[in-house]
Amino acid sequence: MLSSAAQRSSTGSAAASAAAEFLTFRLGQEEYGIDILRVQEIRSYEQPTRMAHAPEFIKGVIDLRGVIVPIVDLRLKLHCATAEYTDFTVVIILNVGGTVLGAVVDAVADVVALPADAIKPAPQFQGQVDAAFVRGIATVDKRMLIVMDIESLLSSAEMGLVQSVAVA
């Protein structure tokens, strides 16, 4: 969330600061959105180097222009049905809390601008469904878009683990 000073200095107009842009991507049949400001680049999938004792959702690491980047398969992290890696499978390189990491997704769709009031709160479920990573739900051209809070997707313990893999 931007501070009021950052909002004033970023564009100077209230209308521009009320909307945010999200990169949309697919995991299985669902479409997700992530804050475009967290995205550094989008790359084709390449087999990462597996790290010993890493959780299943951490596929390994890649060397990205001299930076060792951990690769997280969001399908595994979110307990989605496993899909095959295809020509459309990509890695979204993200900056999350100062850590660079890659997120494997089935396909990238497009970038959409959503006003803050277009994102409705996600329903709260009792039981095993953890909606902590869901910022909200939006409708885009009659499609449901699950807007993710990528920073809360990985718990602080997991982020520490991802950082230790990146250093290893």
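The values are calculated or read from the model by the stated rules, or taken from the named source; none is laboratory data. Since the structure is predicted, the reported quantities are computational estimates derived from the model, not experimental observations. Positions of Cβ are backbone-derived with ideal geometry, glycine not excepted, and every protein chain shown enters the neighbour counts. Surface areas here come from the heavy atoms of the whole protein model, side chains and all, with no ligands, DNA or RNA. Shrake-Rupley method; radii C 1.70, N 1.55, O 1.52, S 1.80 Å.
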Interatomic Cα distance distribution for the range 20-157, bins of 10 angstrom, percent: 11, 44, 35, 9, 0
Where the range 20-157 is the region considered: accessible area per residue in Å², 1.4 Å probe: 55
In nm, spacing of pseudo-spin labels at Lys120 and Ile68 (7 Å Cα→C-beta vector): 4.6
Protein accessible area in the range 20-157, 1.4 Å probe - carbon and sulfur %: 52
Per-pair calculated FRET efficiency, R0 = 30 Å: Thr49 and Ala109 via Cβ, rounded to 0.05: 0.55
More than 19 Å apart - percent of Cα-Cα pairs taken over the range 18-98: 42
